[in-house]
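Enquirer: Take a look at the following structure, please.
The values are calculated or read from the model by the stated rules, or taken from the named source; none is laboratory data. Fair warning: this is a prediction, and the values are worked out from it, not measured in the lab. Cβ placement follows ideal geometry from the backbone for every residue including glycine, while neighbour counts extend to all protein chains displayed. Protein only, heavy atoms only, side chains kept; ligands, DNA and RNA dropped before computing areas. Shrake-Rupley method; radii C 1.70, N 1.55, O 1.52, S 1.80 Å.
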Amino acid sequence: MGNWRHWQQQHFFWLGAFISGTLILVCYGFVLQLPFFFDDLPIMTWLGCHNWADILLQSNENDYYRPLAFSIYKLGLFFPLGIRQIALHATNLIIYWLSALLVMQVVQLCDQDHWRAILASALFAVFPFMFRALPWITAMPHLLVTWLTLLAVYAALRAERDNTARWWGISLLATALAPLAHESGVTCSVIVGGVVITQYGVRSGRRRMMGILAGLALNVAGVLWHQYIPGIRATHMIGLDSWFEGSMFFLHGLVYPIAPIIGWLVFRQGWHDFTLIGMSSLLLFALLLWRAYHTQEWRWIARNVWWWGCGGVIAVMFLTFDSLFNSPRVLALASPGITMLWAGIIMEAGKLLRSTRGQRLAQGILASAIIIQNIAFLNTPRSLHLSLNHIYQQVLDVAKEESNAPIGFVNLPDWLSYKQKTYSLVTEGVLFLPFYSNIGEFIQVNIGWKATDSALFSPVLQELEPMWFGFHQNSLDWEQMRQFLVTHHTIWLSRYRNGQFELDRAGSISVEQSPSSSEPLVRFDGGPVIESVSAQQTQAETWAVTLTWFALGPLEDGEIFVHVRDANNNLVAQVDGPALGGLLPIWLWQSGDRIYDVRQITVPKDGGPYTVQVGLYNSQGRLPAFIYDSRCAHDAATVISIGK
């Protein structure tokens with residue numbers, strides 16, 4: 001009988017491990033593709049110039065003290081670039097999966113219900129507000145403190161169940177380490193004590209109370225130790241000024257399965273978010289109290305509500321509501337209590353039906369509805385991350401060629417967010433470059449050298465209807481942009497096309513040059529000349545055509561047109577506008593400028609050959625165009641053929 005029970009337990013454990021692991025990979029497997037970004041940049045830079053003693057004996061980057069997490073980052077530096085990013089992102093996923101396994105084990109120890117345990121683990125794996133905790137590696141402190149707290153709780157429960165001091169030792173070790181992972185870890189011992197007392201009571205538990213008090217002493221000692229760390233950020237209870245709003249934020253996390261409905265009512269119907277969240281929470285607590293009264297099963301409710309409250313109290317005390325709104329990852333420590341509570345709600349809701357089949361069906365429908373809803377939501381930040389990752393991988397590819405330096409990037413996005421939010425009290429955007437970092441640091445951290453710059457140029461921005469988006473650096477005016485172009489060897493322009501950002505080579509400009517000694521390819525009366533033209537196929541249907549212009553002086557009134565015609569002289573594409581993707585209008589050209597103007601041309605891949613025609617026009621009409629001494633028909637000079 002004992003062997004059968006052991007086999008059954010192992011069977012359910014591995015089933016739960018497979019389900020939670022699969023869900024985590026489905027929702028977050030994409031992070032293995034990501035470079036270091038956002039807060040990774042200053043932190044990885046800090047690590048490069050500090051040793052192990054600095055990590056252990058002084059405040060870390062940005063005046064925090066998180067030596068456990070920073071030690072893991074430091075170990076990651078032993079991997080070569082390229083592998084380093086994958087290894088540390090994988091570490092985040094592994095910590096999250098191990099936490100999901102511990103959620104399952106805690107529920108199994110407390111409630112003796114395999115299916116409830118598996119469900120809690122699955123709900124934890126797709127908890128929606130973790131989308132700000134997994135994708136960048138320096139959010140690891142939130143994952144570590146959650147895992148250590150779960151380990152401390154599980155070990156304490158095992159110690160009480162098996163009546164052994166060895167597991168209390170493991171629990172106390174995890175409790176001591178939790179504040180070294182993240183500041184919220186000081187509540188670890190309080191969570192452990194509340195869970196153990198709720199489950200086993202205080203009577204006949206001398207060892208139990210000694211273990212709980214020892215955990216409290218370790219966390220108090222950790223707080224005192226923080227006071228002796230040089231340079232650590234001073235802590236002020238600024239969150240108390242907005243305690244009501246902060247509390248509503250954590251209630252928002254507690255009622256997360258119905259929070260999308262709240263979001264819909266807020267954004268589509270104009271209802272008040274705090275009112276809806278408050279009413280929903282009161283209704284939830286009323287139903288839980290009613291169920292506890294009728295079934296006399298109150299421990300699972302008290303245990304998980306306690307965990308949720310303790311997991312959020314530090315954030316509410318020390319963070320403003322604005323910080324909470326922008327950092328849903330602070331719900332990480334509270335998430336085990338929240339998801340275990342909802343696993344219990346689902347199982348208890350099914351029990352309201354009489355037949356066993358009806359109970360299982362109802363439980364399956366409710367569980368599937370929440371899990372599918374969360375997966376669908378997590379697909380949104382996933383798509384945003386991948387959209388930005390696409391262009392940042394292109395940035396890294398460009399930067400790998402040091403001959404491109406100094407490189408100028410224009411209109412690099414640093415954050416994206418869909419305009420239609422799902423959760424009313426949470427920002428759902430994706431950030432890549434914080435205001436306190438730059439593209440040069442991004443490249444240095446990811447490939448090892450720094451020789452770049454970036455700019456925002458308002459005239460060539462385009463509106464992205466489904467999204468809010470931000471760009472890196474300050475906007476330049478026309479004269480500042482000309483100087484930016486002059487001081488960089490190659491210029492790359494970010495554009496949003498076909499649902500994602502693309503990085504195009506816009507060209508470059510060199511100044512104080514002499515005209516080519518050879519006859520120009522095209523001459524325009526009263527305007528510049530085209531010295532040469534080249535073309536390179538960059539994708540199946542895209543060609544980069546480089547027009548090399550030489551300016552004899554500025555034109556106060558002038559525009560460039562580039563037309564592409566097929567064999568039947570039909571116009572199939574045109575890329576009109578100022579040079580360098582719109583960055584250098586012709587009225588900014590100066591005598592002696594040599595402009596390498598790259599035009600991205602898309603034509604059907606199976607057609608061709610196509611001819612590329614170039615011309616200039618102003619308010620009076622087209623400028624006369626000549627190839628050698630012959631005037632071009634319609635003043636459109638055919639400069640090159642592309643395609644088959």
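Enquirer: Going by what's in this entry, would residue 119 be described as open to solvent by 10 Å² or more (accessible area, probe 1.4 Å) and under 24 Å from residue 373 (Cβ atoms)? Spell out the reasoning first.
Expert: On the way: open to solvent by 10 Å² or more (accessible area, probe 1.4 Å): yes; under 24 Å from residue 373 (Cβ atoms): yes.
Spelling it out, residue 119 is indeed open to solvent by 10 Å² or more (accessible area, probe 1.4 Å) and under 24 Å from residue 373 (Cβ atoms).
Enquirer: Would you mind stating whether residue 240 is closer than 29 Å to residue 131 by Cβ and crowded, with 22+ Cβ neighbours inside 10 Å? Walk me through it before giving the result.
Expert: Working: closer than 29 Å to residue 131 by Cβ: yes; crowded, with 22+ Cβ neighbours inside 10 Å: no.
Answer is no for this residue.
Enquirer: Next question, about the same structure. Kindly list the number of the only condition in (1) more than 30 Å from residue 483 (Cα to Cα); (2) part of a helix (DSSP H, G or I); (3) of a type in the set (Phe, Trp, Tyr) that fails for residue 423.
Expert: Just one mismatch for residue 423, condition (2).
Enquirer: Condition check: in a helix (DSSP H, G or I) and either open to solvent by less than 20 Å² (accessible area, probe 1.4 Å) or touching a strand residue (DSSP E or B) at 6+ places or on another chain (Cβ under 8 Å) (or both). Does residue 217 satisfy that? Give the steps one after another, and end with the answer.
Expert: Details: in a helix (DSSP H, G or I): yes; either open to solvent by less than 20 Å² (accessible area, probe 1.4 Å) or touching a strand residue (DSSP E or B) at 6+ places or on another chain (Cβ under 8 Å) (or both): no.
Judged against the criteria, residue 217 is not a match.
Enquirer: Further question: Please tell me if residue 128 is under 21 Å from residue 191 (Cβ atoms) and crowded, with 24+ Cβ neighbours inside 10 Å.
Expert: Details: under 21 Å from residue 191 (Cβ atoms): no; crowded, with 24+ Cβ neighbours inside 10 Å: yes.
No; evaluated as a whole, the condition is false for this residue.
Enquirer: Which members of region 374-412 meet the condition of being assigned to a strand (DSSP E or B) and hydrophobic (A, V, I, L, M, F, W, C)?
Expert: Of the residues in region 374-412, the ones assigned to a strand (DSSP E or B) are 407-410.
If the condition is that a residue be assigned to a strand (DSSP E or B) and hydrophobic (A, V, I, L, M, F, W, C), then 407, 409, 410 are the ones that fit.
Enquirer: Additional query: Can you say whether residue 68 is farther than 24 Å from residue 367 by Cβ, surrounded by fewer than 20 Cβ atoms within 10 Å (Cβ to Cβ) and over 21 Å from the mean Cα position of the chain (by Cα), as far as the supplied structure shows?
Expert: On the way: farther than 24 Å from residue 367 by Cβ: yes; surrounded by fewer than 20 Cβ atoms within 10 Å (Cβ to Cβ): no; over 21 Å from the mean Cα position of the chain (by Cα): yes.
Taking the combined requirement at face value, the residue does not satisfy it.
Enquirer: Here's something else I'd like to know. Could you check region 262-369 for helices (runs of 4 or more DSSP H) lying wholly inside it with 2 or more residues that are open to solvent by 20 Å² or more (accessible area, probe 1.4 Å) and in contact with a Gly (Cβ under 7 Å, 6 or more places away or on another chain)? Lay out the reasoning, then the answer.
Expert: Values: elements: 273-295, 299-318, 321-326, 335-350.
Answer list for region 262-369: 299-318.
Enquirer: Could I ask something else about it? Just to verify a result, which residue in region 370-386, among those that are within 30 Å of residue 82 (Cα to Cα) and surrounded by 18 or more Cβ atoms within 10 Å (Cβ to Cβ), is farthest from the chain's Cα centre (by Cα)?
Expert: Selected residue: 377.
Enquirer: Here is a check on your reading of the model: is residue 592 surrounded by fewer than 21 Cβ atoms within 10 Å (Cβ to Cβ) and either of a type outside the set (A, V, I, L, M) or part of a strand (DSSP E or B) (or both)? Walk me through it before giving the result.
Expert: Details: surrounded by fewer than 21 Cβ atoms within 10 Å (Cβ to Cβ): yes; either of a type outside the set (A, V, I, L, M) or part of a strand (DSSP E or B) (or both): yes.
Considered against the rule, which asks whether it is surrounded by fewer than 21 Cβ atoms within 10 Å (Cβ to Cβ) and either of a type outside the set (A, V, I, L, M) or part of a strand (DSSP E or B) (or both), residue 592 comes out as yes.
Enquirer: Scan region 74-93 residue by residue and report those that are open to solvent by 70 Å² or more (accessible area, probe 1.4 Å) and assigned to a helix (DSSP H, G or I).
Expert: Correct list: 75, 83, 86.
Enquirer: Another question about this same structure. What is the one condition in (1) part of a helix (DSSP H, G or I); (2) surrounded by fewer than 24 Cβ atoms within 10 Å (Cβ to Cβ) that residue 203 does not satisfy?
Expert: Only one criterion in (1) part of a helix (DSSP H, G or I); (2) surrounded by fewer than 24 Cβ atoms within 10 Å (Cβ to Cβ) is unmet by residue 203, namely (1).
Enquirer: Against the condition surrounded by fewer than 20 Cβ atoms within 10 Å (Cβ to Cβ) and farther than 30 Å from residue 326 by Cβ, how does residue 224 come out, does it pass? Show your work before the answer.
Expert: Details: surrounded by fewer than 20 Cβ atoms within 10 Å (Cβ to Cβ): yes; farther than 30 Å from residue 326 by Cβ: yes.
In short, yes.
Enquirer: Can you tell me which condition residue 101 does not meet? The list is (1) buried (at least 17 other Cβ atoms within 10 Å of the Cβ); (2) under 25 Å from the mean Cα position of the chain (by Cα); (3) within 30 Å of residue 392 (Cβ to Cβ), and all the others hold.
Expert: The failed condition is (3).
Enquirer: Okay, next question. Of a type in the set (S, T, N, Q) and under 12 Å from residue 41 (Cα atoms) - does that describe any residue in region 434-441? Give the steps one after another, and end with the answer.
Expert: Of region 434-441, the ones of a type in the set (S, T, N, Q) are 437-438.
If we keep only those that are under 12 Å from residue 41 (Cα atoms) too, we end up with 437-438.
Yes, there is a match, as at least one residue in region 434-441 is of a type in the set (S, T, N, Q) and under 12 Å from residue 41 (Cα atoms).
Enquirer: Of the residues 71, 99, 59, which single one is over 30 Å from residue 296 (Cβ atoms) and not in a helix (DSSP H, G or I)? Don't jump to the end; show me each part of the working.
Expert: Working: 71 fails: not in a helix (DSSP H, G or I); 99 fails: not in a helix (DSSP H, G or I).
Within the list 71, 99, 59, the selection yields 59.
Enquirer: Okay, next question. Residue 233 passes all but one of (1) open to solvent by 30 Å² or more (accessible area, probe 1.4 Å); (2) out of contact with any Gly (no Cβ under 9 Å at 6 or more places or on another chain); (3) in a helix (DSSP H, G or I); which number fails?
Expert: Evaluating residue 233 over (1) open to solvent by 30 Å² or more (accessible area, probe 1.4 Å); (2) out of contact with any Gly (no Cβ under 9 Å at 6 or more places or on another chain); (3) in a helix (DSSP H, G or I) leaves (3) as the failure.
Enquirer: Of all residues being assigned to a loop (DSSP other than H, G, I, E, B) and of a type in the set (Phe, Trp, Tyr) in region 429-469, which is modelled with the lowest pLDDT? Just the residue, please. Lay out the reasoning, then the answer.
Expert: Restricting attention to region 429-469, the residues satisfying the condition of being assigned to a loop (DSSP other than H, G, I, E, B) are 429, 432-438, 448-451, 457, 461-466.
Of the ones still in play, those that are also of a type in the set (Phe, Trp, Tyr) are 432, 435-436, 449, 457.
On the way: 432: 83, 435: 80, 436: 83, 449: 80, 457: 69.
Out of the qualifying residues, it is 457.
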